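For reference, the structure discussed in these notes is given below.
Bear in mind that the values in this text are calculations on the coordinates, not laboratory data. Owing to the predicted nature of the structure, the values given are computational and were not obtained by experimental measurement. Heads up, the Cβs are rebuilt from the backbone with ideal geometry, glycines too, and the neighbour counts pull from every protein chain shown.
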Amino acid sequence: MIVCRSRAEIEALRAVNQLVGDVLGELCELAVAGVTTLDLDRAAEERVRAAGAVPAFKGYHGFPATICASVNEQVVHGIPSTRPLREGDILSIDMGAVLDGFYGDSAVTVPIGRVSGEADRLLRVTEEALFRGIDAVKPGARVSDIGAAVQAHVEAQGMSVVREFVGHGIGTSLHEEPQIANYGPGGRGPRLAEGMVLAIEPMVNAGRAGVKVLDDGWTAVTRDGSLSAHFEHTVVVTGDGTEILTLTARRAARARELMSAVH
Ligand code: MG
Ligand code: MG
């Protein structure tokens, strides 16, 4: 069953998702050459706990950290490490938190200094794909319309959508129904309705779609070694479309630009 949240529950979800968006914004600014992803993880945990919230990933099925930090060919679920970031890397940061029993979840991929043209294009296409997916969310649309919109955009740019990991409903648990694949066909699955809260999160590879999980049991990497990017927002279905709960003032202008490019 997909839960439709009350006004009060959406208020609580907005609070935690704004916190997640704020912390991610700060981490993006801290992510420069020489800094380690373990440094970023510590900053994230401190900031989440200072706000009275709890990291949602730490301890989740045994995951050891507050953020997932996935560098270059790492797709998702990278474990923060002591390896310093280098100029030219791309870093995906995924973070969840729980506040007053409600969950927030968002991810962003950032360039470390100057990156290759290919990396730059991958980041742009993946973020655009996220906004194509968000644009497909409205009352009466079907769940698979989201993935169909993501896939169409990504493949038109010659890149690949990761199949193994999906977006999800979110609320009083980190992962709720429905599962939201990032590929089509559209017109399938449950109809979306006002009050549903969804974490939409395309993962895009510059090369082929295949991924594998490393021996640490967590880190997913591209099979062909190509770069991979990941963007995620948590949104609520409104009367006529969506509100992005993880969108903060800092990223609003960029979001407007991406949204208007869809139309
Ligand atoms: Mg996430
Ligand atoms: Mg998620």
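Modelled spin-label separation between Val32 and Val213, with each label point placed 7 Å from Cα along the Cα-to-Cβ direction: 3.7 nm. Using only the alpha-carbon atoms of the chain as identical scatterers, what base-10 log of I(q)/I(0) does the Debye formula give at q = 0.07, 0.12, 0.13, 0.15 Å⁻¹? So the normalised log intensities work out to -0.21, -0.64, -0.76, -1.05. Spread over its residues, the convex hull of the C-alpha atoms of region 30-79 is 73 Å³ per residue.
Other residues with beta-carbon under 13 Å from the beta-carbon of Ala252 carry, at +1 per Lys or Arg and -1 per Asp or Glu, a net charge of +1. Computed over the Cα atoms of region 147-225, the ratio of the radius of gyration to the Kirkwood radius (Rg/Rh) comes to 1.02. Across the alpha-carbon set of region 95-209, the Rg to Rh ratio works out to 0.99, Rh being the Kirkwood radius.
From helices alone, the chain scores -11000 deg cm²/dmol at 222 nm; the rule is -39500 (n - 2.57) for each run of n ≥ 4 DSSP H residues, then divide by the residue total. Across region 7-262, the relative contact order, built from alpha-carbon pairs under 8 Å that are at least six residues apart, equals 22 percent.
Output the direction-averaged projected area (hull surface divided by four) of the convex hull of the alpha-carbon atoms of region 49-122, in nm².
Working: hull surface 23.5 nm².
For region 49-122, the mean projected area of the Cα convex hull comes to 5.9 nm².
Label sites at Glu257 and Ser6, each approximated as a point 7 angstrom past Cα along Cα to Cβ, lie 4.1 nm apart.
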